[in-house]
Structures are given as C-alpha cells and as structure tokens.
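First up is the structure itself, then whatever we jot down about it.
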Amino acid sequence: MKSAGLPPSAKPRLTTSAMIASIAAEGQRTKPAPFGHALVELARSREDVVGMTADLGKYTDLHIFARAFPDRYYQMGMAEQLLFGAASGLAAEGFMPFATTYAVFASRRAYDFIHQTIAEEDRNVKIACALPGLTSGYGPSHQAAEDLALFRAMPNMMVIDPCDAHEIEQIVPAIAAHRGPVYMRLLRGQVPLVLDEYNYRFELGKAALLRDGGDVLIISSGIMTMRALEAAQALSDDRVSAAVLHVPTIKPLDTEAIRREAGKPGRLVVVAENHTVIGGLGEAVAALLMRSGVHPTFRQIGLPDEFLAAGALPTLHDRYGISTVEVTRRIKEWLR
C-alpha cells in the first residue's frame, strides 16, 4: 500500500512485525508452528504428554496443542514461577509436561523455581522458550541474550538450540525419549527451513558437519547455523572454503566432533552464536579446546556483553554482527 505524502524514494516506516521474531529472509522457505504440530503428533502416541504455558499459548505455538488436546492443556496465567512449580508436580505424578514461555521469563524470572523444583529433583519436564537471544526487537526486557549461560550452569539440565523447523520437528520426540529436564530454545510462527537440504537428522548430544572446507571452520548453533551456511556460500564466491559444524546440543557438548574438526591444521576456527559471548557456546568450545591441548586460531561471533538496543531485527542483527553480511565480512577480515 502506497504511503500518502512520501516521495517514491522514501523508505517505508518500520512495522512492529520487524521487531518480533522475523528471522526468515524474504522468499525463504518456512514452515508454520513446527513445535506445536510436532507436540500434537507426539501426544497422539503418548498420553502422559501435557502442555503448559503462562499466558503465552499463542506466542509459543502451544495453542495448536490446546486445540487438539484441550483436556491436557494448562493455562497458568502470568505466573511463571507457578508454571514451573506445577510442571514439576505433574512430572512427579508421572506426566511429561512441555512448559512454554518466553526465554527471558524462564531464565530470569523463574530460574530459582526451575533450579529447585525441576533440576534438583531431576523431574521429566521439557522447557521450550520463545524469543531466544536477539530474536525480539523489544529491548532487554524481552531479549534473552544470556539464557544458554544460565541453563548450562544448572546441574541435570540438557540445553538445546535448534536451527530451523526441520530440526524442531525432530527434537520434540527426541527430548520426549530422554528422561530428565531439558531447556530448548524455541523458534515459533513461520520458521525457516534450512537443514532438510543437507539430509540432516537430529541426535541428542551430537554435532553435525554440514559442509567441509579447508580455510575456516564455523562452529554454530541455532539460527547462526543458518547464517553460517549462508556466509559459507558467500565466502565461496571469493574462493574461501568454509566448513560448518552445527552444534544444536549445547549441554552436553559433542566433545569428540568439536576436537576432531577444530584440530584439523590450517583452519581458522570461528564460533557463531545468537547469545552473549559470555558463557555460551563460544566459551564452552574455547574451554574444551584448551583442556584438550587443541590450539587453533580462534574467534567468536556473538552478542556483546551489554544490554542490547530496541529496534527492527534486521538492523539489530547488522549492528551486533550476527547477520549473514556481518558474519561474512568479519571472517574475511580475520583471514587477511
């Protein structure tokens, strides 16, 4: 729709949709609500599965589960501590709760409840949280830039950062088969499809080499694997050969795969993550390599150790260096 009073060359005003989880590029293949649909499929064969949320069913794709299984859906209101305490209680009675909220609310507001009632008791609760890292433009109140660091530090907690819709569909049954608490970053709405082009199969605790290359190894998780693959293609146009190792399970790490790939001589090693550079995948990989006596030239791409700005996601991803353009540019600089 044409804006009245604006010259033809003027940029259109940003809409709120540019500030939410709009991570798919224009024209990119997507799939709607993969988590919600996968949970419905799981619940058809497992009567112990229940869905729980704190007033965010629509915004975590759990509303799809609610329509299919209304008697197994629990809307706890704006009370995240209650959500996770009740999830622990249901797990103690033999149910398998999938509890959803925003990542900021689980990692900050309800951290102690998760720590004491779920992790310490080793309860079989699956925590799926939307708006991880910088996938919201609404500023620090909604940007969970440090969630992986917090949950990595929690004993008994498995931590997963999926890349796309294809992977999320596989993660849901995989974590259901795993006995114990899981924290999973959640991509919701129209989620990009990427990994199906690589014949990818998710395995708990396993990394996957999606492409090989002799100049640089990009170790990545979550949406940054999508960016890494795009950057690798762009780098190939400049005759730079880039490998991409996707690490969806942040805890426990696939130490064998990381040591093997990072130990190959002559390659720059870059860890790319949609998370603060403090305490996430980058520092986990760096510590592993130091302990293992593997010493490549090492660089990190991640969010800075600061409270992030509000704004449109494409602008913020450029500003903080996690867009494809910025990932490509920085790797080129490091290779000079």
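Hey, what number do you get for the chain at 222 nm if only DSSP H runs of n ≥ 4 count, each worth -39500 (n - 2.57), divided across all residues, to the nearest 500?
Result for the chain: -9000 deg cm²/dmol, rounded to the nearest 500.
Please check the chain for the longest run free of chymotrypsin sites (Phe, Trp or Tyr not before Pro) that are loop-located per DSSP (anything but H, G, I, E, B) and have at most 14 other Cβ atoms within 10 Å.
Numbers: sites that count: Y138, F307.
Here the longest run is 139-306.
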Cα centroid separation - the range 40-69 against the range 228-298, whole Å: 35 Å
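Would you mind calculating the relative contact order of the range 229-336 from Cα pairs under 8 angstrom and at least 6 residues apart, reporting the percent as a whole number?
Relative contact order of the range 229-336: 27 percent.
Please report the antiparallel percentage of the DSSP beta bridges confined to the range 205-335, to the nearest 5.
On the way: 3 of 18 bridges.
If we restrict to bridges inside the range 205-335, about 15 percent are antiparallel.
Counting other Cβ atoms within 10 Å, keep those with at most 14, restrict to DSSP loop, and tell me which GluC sites (Glu not before Pro) in the range 206-315 are left. All intermediate terms of the calculation are to be shown ahead of the outcome.
Details: sites: E230, E256, E261, E273, E283, E306; in loops: E306.
Those satisfying the criteria are E306.
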Total charge dipole magnitude, the range 11-166, about the Cα centre, Cβ charges on Lys, Arg, Asp, Glu only, Debye to nearest 20: 620 debye
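Among DSSP beta bridges lying fully in the range 30-192, give the percent that are antiparallel, nearest 5. Could you put the intermediate results ahead of the total?
On the way: 3 of 25 bridges.
Percentage antiparallel, nearest 5: 10.
If eta is 0.692 mPa s and T is 37 °C, what Stokes-Einstein diffusion coefficient results for the chain, Kirkwood Rh from Cα pairs, in µm²/s? Don't skip to the end; give the middle numbers.
On the way: Rh = 20.3 Å.
It comes out at roughly 161 µm²/s.
Tell me whether the range 30-192 comes out rounded, prolate or oblate; compute the Cα gyration tensor, take square roots of the eigenvalues as a ≥ b ≥ c, and use a/c under 1.5 as the rounded threshold.
rounded
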Per residue value of the accessible surface for the range 30-192 (all protein chains in place, 1.4 Å probe), Å²: 34 Å²
Computed over the range 30-192: relative contact order in percent, which uses C-alpha pairs under 8 Å that are six or more apart: 29 percent
Among beta bridges that DSSP assigns inside the chain, antiparallel share in %, nearest 5: 20 percent
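Report the calculated FRET efficiency for R329 and A309 (r = Cβ-Cβ distance, R0 = 25 Å), to the nearest 0.05. Kindly include the intermediate steps, with their values, before the conclusion.
Values: r = 20 Å, r/R0 = 0.80.
Between R329 and A309 the formula returns 0.80.
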For the chain, built as a Gaussian network whose Cα springs stay under 10 Å, the top-fluctuating residue of E80, E197, E326: E197
Selected from M96, M224, M290 as most flexible by GNM, with the chain as the system and alpha-carbon contacts under 10 Å: M290
Cβ-defined net charge surrounding F105, 11 Å radius [Lys, Arg +1; Asp, Glu -1]: -1
Residue-normalised accessible area of the range 205-335, expressed per residue, 1.4 Å probe, Å²: 39 Å²
Which of Q300, L235, T255, positive extreme of dipole for the range 230-317 (C-beta unit charges): T255
Sulfur and carbon atoms: percent of accessible area, the range 205-335 [1.4 Å]: 50 percent
Relative contact order of the chain, pairs being alpha-carbon contacts under 8 Å that are 6 or more residues apart, as %: 18 percent
Separation of alpha-carbon centers, the range 133-202 and the range 315-334, rounded to whole Å: 22 Å
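The values are calculated or read from the model by the stated rules, or taken from the named source; none is laboratory data. Since the structure is predicted, the reported quantities are computational estimates derived from the model, not experimental observations. No Cβ is skipped: glycine too gets one built from the backbone with ideal geometry, and neighbour counts run over all protein chains shown. Keep in mind that these areas ignore ligands, DNA and RNA; they rest on the heavy atoms of the full protein, side chains included. Shrake-Rupley method; radii C 1.70, N 1.55, O 1.52, S 1.80 Å.
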